[in-house]
Amino acid sequence: MKKLLVATDGSEHAKRALLKAIDIAGKDEEAIIDLMYVVDGETSKADVLHYGDSDTASFKREKKLKESVELVEAEGIKANLIIEHGDPEETLIDHANSNDYDLVLVGSRGRNKLQTMVLGSVSHKLVKHIDAPVMVVK
């Protein structure tokens with residue numbers, strides 16, 4: 001595996017996906033892990049209200065995600081942090097399909113069967129619409 005995309009939001013689910021990506025990349029000197037965080041409108045508004053302005057919100061968000069980048073780099077693997085604004089599912093799908101990834105990893109939210117049937121599953125939508133192989137990490 002050379003080029004991996006990990007969908008991240010800083011949660012424990014995303015961290016498990018990231019740790020799996022690090023494991024898969026191993027010590028391959030050519031491996032690259034792109035960490036992608038998509039800020040939806042609701043999260044963006046909440047962050048601005050919480051931190052007072054959009055620059056501070058962006059700084060805090062980036063600082064939180066830099067820890068994940070450092071975790072990857074500590075293993076000798078190249079990492080890129082990508083932060084986009086928009087609908088998380090659509091943005092991830094578009095990005096993944098516009099780049100040549102060997103594998104896309106996403107964390108499972110662990111919804112129960114009823115929630116998955118009623119609400120639909122983000123991971124299911126990603127698996128269905130991303131051209132590259134997608135691994136859902138529990």
May I ask you to list pairs of residues, at least six apart or on different chains, whose Cβ atoms are under 8 Å apart, with the first in segment 10-32 being under 17 Å from residue 123 (Cβ atoms) and the second being surrounded by fewer than 20 Cβ atoms within 10 Å (Cβ to Cβ) and among the small types (Gly, Ala, Ser)?
13/108; 13/110
Can you confirm whether residue 65 is modelled with pLDDT of 90 or more, surrounded by 12 or more Cβ atoms within 10 Å (Cβ to Cβ) and under 23 Å from residue 135 (Cβ atoms)?
no
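With the condition kept exactly as written, say whether any residue in segment 71-83 is modelled with pLDDT of 90 or more, touching a His at 6+ places or on another chain (Cβ under 8 Å) and outside any helix (DSSP H, G or I). Can you show your working first?
From segment 71-83, those modelled with pLDDT of 90 or more are 71-83; that's our starting set.
Next cut, touching a His at 6+ places or on another chain (Cβ under 8 Å) only: 82.
Within this subset, residues satisfying the condition of being outside any helix (DSSP H, G or I) are 82.
Yes, segment 71-83 contains a residue that is modelled with pLDDT of 90 or more, touching a His at 6+ places or on another chain (Cβ under 8 Å) and outside any helix (DSSP H, G or I).
Does residue 128 meet the test of being in a helix (DSSP H, G or I), charged (D, E, K, R), at pLDDT 80 or above and over 19 Å from residue 15 (Cβ atoms)? Before the answer, list the steps.
On the way: in a helix (DSSP H, G or I): yes; charged (D, E, K, R): yes; at pLDDT 80 or above: yes; over 19 Å from residue 15 (Cβ atoms): yes.
Criteria met by residue 128.
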Looking at segment 84-103, which of the residues that are assigned to a strand (DSSP E or B) and free of Cβ contacts under 8 Å to residues at least 60 places away in the same chain is nearest to the chain's Cα centre (by Cα)?
84
Selection over segment 104-121 where residues are within 12 Å of the chain's Cα centre (by Cα) and either assigned to a helix (DSSP H, G or I) or modelled with pLDDT of 95 or more (or both) yields a count of 2
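The values are calculated or read from the model by the stated rules, or taken from the named source; none is laboratory data. Everything numeric in this text was worked out from a predicted model, so none of it was measured. Neighbour counts are summed over all protein chains in view; Cβ atoms, including those assigned to glycine, are modelled from backbone coordinates with ideal geometry.
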